[in-house]
1. Restricting attention to region 524-559, and to residues there that are part of a helix (DSSP H, G or I) and open to solvent by 30 Å² or more (accessible area, probe 1.4 Å), which single residue is farthest from residue 392 (Cα to Cα)?
2. Between residues in region 563-589 that are without any contact (Cβ under 8 Å) to a residue 24 or more places away in the chain and residues that are not in a helix (DSSP H, G or I), which pairs lie under 7 Å by C-beta distance while being six or more apart or on different chains?
3. Mind listing whichever residues of region 524-560 are within 30 Å of residue 344 (Cβ to Cβ) and free of Cβ contacts under 8 Å to residues at least 24 places away in the same chain?
4. Looking at residue 114, is it surrounded by fewer than 21 Cβ atoms within 10 Å (Cβ to Cβ) and over 18 Å from residue 311 (Cβ atoms)?
5. Of everything in region 502-523 that's assigned to a strand (DSSP E or B) and either touching a Phe, Trp or Tyr at 6+ places or on another chain (Cβ under 8 Å) or without any contact (Cβ under 8 Å) to a residue 40 or more places away in the chain (or both), which residue is nearest to residue 271 (Cα to Cα)?
6. Of the conditions (1) of a type in the set (A, V, I, L, M); (2) closer than 17 Å to residue 182 by Cβ; (3) part of a strand (DSSP E or B), residue 80 fails just one. Which one is it?
7. Give the residues of region 578-614 that are in a helix (DSSP H, G or I) and open to solvent by 20 Å² or more (accessible area, probe 1.4 Å), sorted by residue number.
Amino acid sequence: MIQVIRTLLPLVLLFGGFVVGQSAEKDKGLGDGHDGNRASITHLIDLYDDRGKQIKSADAQPRPVSMRNTCGKCHDYDTMAAGWHFHSGSTNVLSGRVGEPWVLTDNRIRAQIPISDRDWKGTYKPEDVDLNAWKFLKKFSSHFPGGSYGEMAPSEDEVGDGDEEEVDTSELFRWEISGKYEINCLACHHADRKQNQSDAALQAAKENYRWATTVGSGLASVKGTASELEDFYDPEFDGHKIITSYDKSRFDSNNKVFLDIVRKPPSNRCYFCHSTQDLQTPGKDEWIHNEDIHMASGMSCSDCHRNGADHMISRGDIDPSKNPHGSDDYLKAFDLKKVASFSCQGCHMGNPGADDRGDRMGGHLGAPVPEHKGIPPVHFEKLSCTACHSGRLPTENTARVRTARMHKLGRHGPHGRISPQLPHVVTPVFARMANGKIGPHNMIWPSFWGTQANGVVKPLAPDLVREIAPDELGMEIAEPERVNDWIELTEKQIGNVLNLIGKYEWELEEGETEPKPVYVAGGRLYSLSNGFVISTNHDAAEPYKWPIAHDVRPAAQSLGSNGRCADCHDKNSPFIFGQVEVDTPIKPAEKQTVAMTEFGELDRSYFEMFAFTFLFRPWLKAVVIISCVLLGMVLLLFALKGLDVVVRAAGKKASDES
């Protein structure tokens, strides 16, 4: 009998494990559906750490909360991880309309490089500049949503794995100490006013990635800094150097914790990563800045930027009239009939292709249906809605803004005292979009050292440039002079650095072309020719620009409103004849600009002639009015003469009859 039990026991345990596994899989995504009740779901839940252990108030050495294991109990974490915010480091990266990139800046070598895994023209992949997952996090984790690179820790099996590039053993140890940076679900969906992304950013700066979500949520405080610990630190032997202390008042008698989770993220959550600061009204004058008209009307970001359980956020770039680009894979990720209803056109004017009758009618959430009185229809074929309604009003010269992600805005306390000024983001630039229409853009001018082979330019990793040319770039100077936020770069320095890069011993494959050293800045490609520095035009030197849709101004402040044709068609109109700042470390004290018409692909001479006609339009109106009056008087005169003839004839007839 005992022998039978011994034989059957493993099978029973195996079956039990299978049943439990099936039960867990069955519950996966349980919270992603909707039973039709609009009331919010109360999240009084168990918290789990990264090892799958429930966190209890009485734990002696508790670990931080794991979103994968806590939220993943009811929601399909892997499905969420494929959403727009989280999949950029995966193999299934979608591109879509170009957007704001990450920007790798290094002022000491005069470099600002737009970075993205998406196939956006003008950006470079992280691996192009030697950014693996660990290095990416160290650069950009302050405003990083988690997931993607945050969970790409290498395994021990990858260290020295054959032909693949070897994993830095030190980084492997650092991952073990810092932990993975899982998707921070609470950064968006936690409505509690204690939610503080600045605290999460501070933990990320300390390389406390495992702890960032827990501290940001206000559930616990953490003492200790992962970046200060030795590579071989082991809490089992060295004691706990990073201490997690939970607020025990948050736990009930069953060790459950209430989290104020909402499906629609409050706009305040979006703002941490998606704010833009107008540098024309910074600091003490910030109070005069107006919010987007939609926010002022009581709407939230998520009213338009909606998503389902897949977290593929609608970006407003798919409208009823025309697809914005040729990215088929991107378009397949959305239900076009539904998503187009939440674009500017779909919301205000209706989506004719929608299945829902209300969507076809427009007026979502009380949106006014514009009449656009007096505006010729050709404007709607040539201009995006945002051209007239969004961004700061254009002036003779473009202005500058700072963005939360590029300039690490929103960090409070000691770690937020230094806010970078570079890159300089110029706006509004009225440029041609992928759908052929003109719209407002933010724009940066890339600057970097690189190589050119077979016409293709690739940037060099900043650390490598520092290694190759420390003296020529003045790395030994502690506080170099800055002009317009740049450390000025001379033509002589460019030549010296290019010479050193040219002497670098590259590891080339058989038959591979020896690369030529180049430098990109201010829209020009600098290279050596017979020992002299020359500059030429090149696609790699083109500025990187991305369309903007916010802040939306009130209708009364839109270009051309109330019949103001001169907003765009005056001979001095900045919309067409404005000047776009060229940002460069080469002669940064000099004002350098490019005509706005270059970016809109417009014939300047034609629009100057067209604008000239507007000088005479008031006269023309007066002439037309006077002509109409004279014509009316002539017609009245002839009418009176005709009436006189009729009266005379009638009188004569009456006289004859009598």
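The values are calculated or read from the model by the stated rules, or taken from the named source; none is laboratory data. Note that this is a predicted model, so its numbers are computed, not measured. Cβ atoms come from the backbone with ideal geometry, glycine included; neighbour counts cover every protein chain shown. Ligands, DNA and RNA are stripped out before the accessible areas are found, and what is left, the full protein with its side chains, is counted by its heavy atoms. Shrake-Rupley method; radii C 1.70, N 1.55, O 1.52, S 1.80 Å.
1. By that ranking, first place goes to 539.
2. Close Cβ pairs (under 7 Å, with a partner that is not in a helix (DSSP H, G or I)) amount to 567/559; 567/560; 567/573; 568/559; 568/560.
3. The one that is within 30 Å of residue 344 (Cβ to Cβ) and free of Cβ contacts under 8 Å to residues at least 24 places away in the same chain: 556.
4. no
5. The residue in question is 521.
6. All conditions pass for residue 80, except number (3).
7. Initially, region 578-614 is screened for residues in a helix (DSSP H, G or I), giving 596-600, 604-614.
Within region 578-614, 598, 599, 604, 605, 606, 607, 608, 609, 610, 612, 613, 614 qualify.
Table: residues versus (1) acidic (Asp, Glu); (2) closer than 30 Å to residue 490 by Cα.
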| position | (1), (2) |
| --- | --- |
| 532 | no, yes |
| 536 | no, yes |
| 539 | yes, yes |
| 545 | no, yes |
| 550 | no, no |
| 554 | no, no |
| 567 | yes, no |
| 578 | no, yes |
